[in-house]
1. With the structure loaded, tell me whether A:Ile85 is within 19 Å of A:Thr36 (Cβ to Cβ) and within 11 Å of chain B (Cβ to nearest Cβ) or whether it fails that test.
2. Inside the range A:292-325, can you point out the residues that are among the small types (Gly, Ala, Ser), surrounded by fewer than 24 Cβ atoms within 10 Å (Cβ to Cβ) and within 14 Å of another protein chain (Cβ to nearest Cβ)?
3. From the residues in the range B:211-257 that are more than 7 Å from chain A (Cβ to nearest Cβ) and of a type in the set (D, E, K, R), which one is farthest from B:Pro354 (Cα to Cα)?
4. Here are some conditions: (1) crowded, with 17+ Cβ neighbours inside 10 Å; (2) at pLDDT 95 or above; (3) facing another protein chain (nearest Cβ under 7 Å). A:Leu62 meets all but one. Which one does it not meet?
5. Kindly provide the set of residues from the range B:45-77 that are closer than 25 Å to B:Lys168 by Cα and basic (Lys, Arg), ordered by number.
6. Considering only the range A:92-111, state which residues are outside any helix (DSSP H, G or I) and either in contact (Cβ under 8 Å) with a residue 24 or more places away in the chain or crowded, with 21+ Cβ neighbours inside 10 Å (or both).
7. Quick one: count up the residues across the range A:339-361 that are touching a helix residue (DSSP H, G or I) at 6+ places or on another chain (Cβ under 8 Å) and over 22 Å from A:Ala121 (Cβ atoms).
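The values are calculated or read from the model by the stated rules, or taken from the named source; none is laboratory data. Predicted model only: the values in this text are computed from it and were never measured. Positions of Cβ are backbone-derived with ideal geometry, glycine not excepted, and every protein chain shown enters the neighbour counts.
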2 protein chains.
Amino acid sequence: MTSLVRGFPDAEFQTRTRRAQALMAENDLAALLLTTEAELRYYTGFLTRFWESPTRPWFVVLPAVGDPIAVIPSIGAHLMRQTWITDVRCWQAPDYTDDGITLLADTLMEVAPQGTRIGIADQMESSLRMPLANFRQLESMLAPREIVGDCSVTRRLRLVKSDAELTKIKTATAIADRAFDRVPEIAQAGTALAQVFRDFQRLCLEEGADYVPYLAGGLGQDGYGDVISPATDTPLAAGDVLMLDTGLVWDGYFCDFDRNFSVGPPSAEVSKAHQQLITATRAAFDLARPGALMSDLFHAMNACVNPQATGSDAGRLGHGLGMQLTEWPSIIAADHTPLAAGMVLTLEPGIILPNGRIMVHEENIVVTDGTPVWLSTPQPAEIRVI
Amino acid sequence: MTSLVRGFPDAEFQTRTRRAQALMAENDLAALLLTTEAELRYYTGFLTRFWESPTRPWFVVLPAVGDPIAVIPSIGAHLMRQTWITDVRCWQAPDYTDDGITLLADTLMEVAPQGTRIGIADQMESSLRMPLANFRQLESMLAPREIVGDCSVTRRLRLVKSDAELTKIKTATAIADRAFDRVPEIAQAGTALAQVFRDFQRLCLEEGADYVPYLAGGLGQDGYGDVISPATDTPLAAGDVLMLDTGLVWDGYFCDFDRNFSVGPPSAEVSKAHQQLITATRAAFDLARPGALMSDLFHAMNACVNPQATGSDAGRLGHGLGMQLTEWPSIIAADHTPLAAGMVLTLEPGIILPNGRIMVHEENIVVTDGTPVWLSTPQPAEIRVI
């Protein structure tokens, strides 16, 4: 792994910033207020697992002109100063009387004249990573400026990945590919599912993952009940289908795909379901070129796995992928986003078996100007057997 | 690990719910609206790593009387129905026209009569895990009901851990203790820090962690620059201090402590700094009984490591711990929370070395009616050497 380059050249962040500022100008936004991990990292390169602690809020202000300004707890100053950001303003958090709000308000007032609009992410997949009471206080401190939706500026930019981002995602998918190939080492009839989960994460680390923020799975006779459950100590048994779905990270970028394994020879129903899942995945892959819509991918897969066109619990058949395990957009009938070169997608069809259980398959691809490219190694129609 | 009991008896969740309802009655709240992972899990037992995906919002409504109501994406229905919650209301998310907001508003209107107040977490360490635009829409749909701060109901309850919670935290700390004891297996002069990070997470898994959501560390000659940085490929060198700080999880509960290692014999400055950190930790431990205040612990530690009483970048010298890596309250001069039996704390003094670098030490303890109890194994004054 040591030969791979971590981080990005400053030019990458400068480009992101200028593109955001162009969209801000179009939408009459004097500044963006960023509060979440992915938003801050996208513009600054600030990469830390410290976000696991909910104690401290972190802010970046993106002005209409010029470079981003970090307004952060002093515990992060040393790390932020190693990024391309030069304007780093700190307070000693946690501060029970003023946890950075005055510093943030002052910064916003400095870059956004009275009467202007400050954008904040407010649409689907966003959240407000700061206390609501502080946000309300900030709003009144900033008046007559208005805090409005950010017109999804950052979400729109993140939709298309740069070559440097693609390299990181490819590294992550390759690591997971190797880990999945080693599952027979760790999972046999009799192994507790919780042990399989622990060992699979170990394999991901051995193969080069920085960390494994996501592992879910399913286990059951001829299918499983859901795809988000944590592991239990239930032992694998002949006739079970084991599904492992991982989002591991390399240098801040995720893969997100799964593999199904039959414990012993699969039943006819399981074999057929897996085959249909692969057929569906390939149908979407074949369509995934600029000009197609996300809804086209949905219908291509849904026709294979859900010919009665009933709704599914998962609610979608794939999604974007990159700095987060799941990103905009979703592969659903209502999403008419046109595909563009550089979009990274998961294709994730699910199927209901005759016994009422489910099976889900997932691959990662990147859209190009021509034929799409598999990032994960596409699976054959036959389910893996352990 | 298989002999340990996962989950909680239903009575634990019922007790939490009734206690919350008593506080709600005191504060004139007709319902609580819960949006974050820890809040939902605290009342329902809903444990999944699926929160890693930002796509879908999840809600629980806690009425003034009766059991919590889950208002969640259908992908979570199967898992939620395995908890003690019987009223599970679902929509197929993501839904671009109404992502659960009408269902949530209807549920809230059902339990909160017109003119009443609905509480939402809005103070420090909280965030709003739903799109802001949807929250604003919800507020107008609910009028003339008002969404107000939750008077920190959930935060207050979570401050004191039950015996069942303590068992889980003890399990997590014991796993990390064993992993730290094995660090000499994976770290020597010449090993890349990124490799140490990967291997240490592997050790945590081998020793029984379900997953390792947090690992940070420091590396440098006679101290390090910060405590939140990700690993680089820098190799360990003689004279370096290596610090590893992990928050690993067992059954949804965290430990959070660190260990320092000198690569080769430590310098006199490093030896002295480590000794002061241990002295500080023990000073706080000795005070940690009911009747003492969080600020007492701060001053006891600060006198050892920061006799000039200047501010520190970390901003605090410890914090609560449990379902999250860091929980309320903070060990700072301004926090006068009285200690109570069942509070789990990290004691985390930091010190600045003569060269300007820092060292941090951390242990986990639980307050009892008498002498506090170490959860992590308290370290001797001498730094570990590898």
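1. no
2. A:Ser295, A:Ala309, A:Gly311, A:Ser312, A:Ala314, A:Gly315
3. The qualifying residue farthest from B:Pro354 (Cα to Cα) is B:Asp251.
4. Unmet condition: (3).
5. B:Arg49
6. Pass one, the range A:92-111, residues outside any helix (DSSP H, G or I): A:92-100.
Within the range A:92-111, A:Ala93, A:Pro94, A:Asp99, A:Gly100 meet the criteria.
7. Qualifying residue count, the range A:339-361: 11.
For every residue, the table says whether it meets (1) modelled with pLDDT of 95 or more; (2) more than 30 Å from A:Asn134 (Cβ to Cβ); (3) outside the structural domain of A:Asn27 (by TED's automatic domain parsing); (4) under 21 Å from the mean Cα position of the chain (by Cα).
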| position | (1), (2), (3), (4) |
| --- | --- |
| A:Val148 | yes, no, no, no |
| A:Thr173 | yes, yes, yes, yes |
| A:Asp177 | yes, yes, yes, yes |
| A:Ala189 | yes, yes, yes, no |
| A:Val196 | yes, yes, yes, no |
| A:Asp199 | yes, yes, yes, no |
| A:Asp210 | yes, yes, yes, yes |
| A:Gln221 | yes, yes, yes, no |
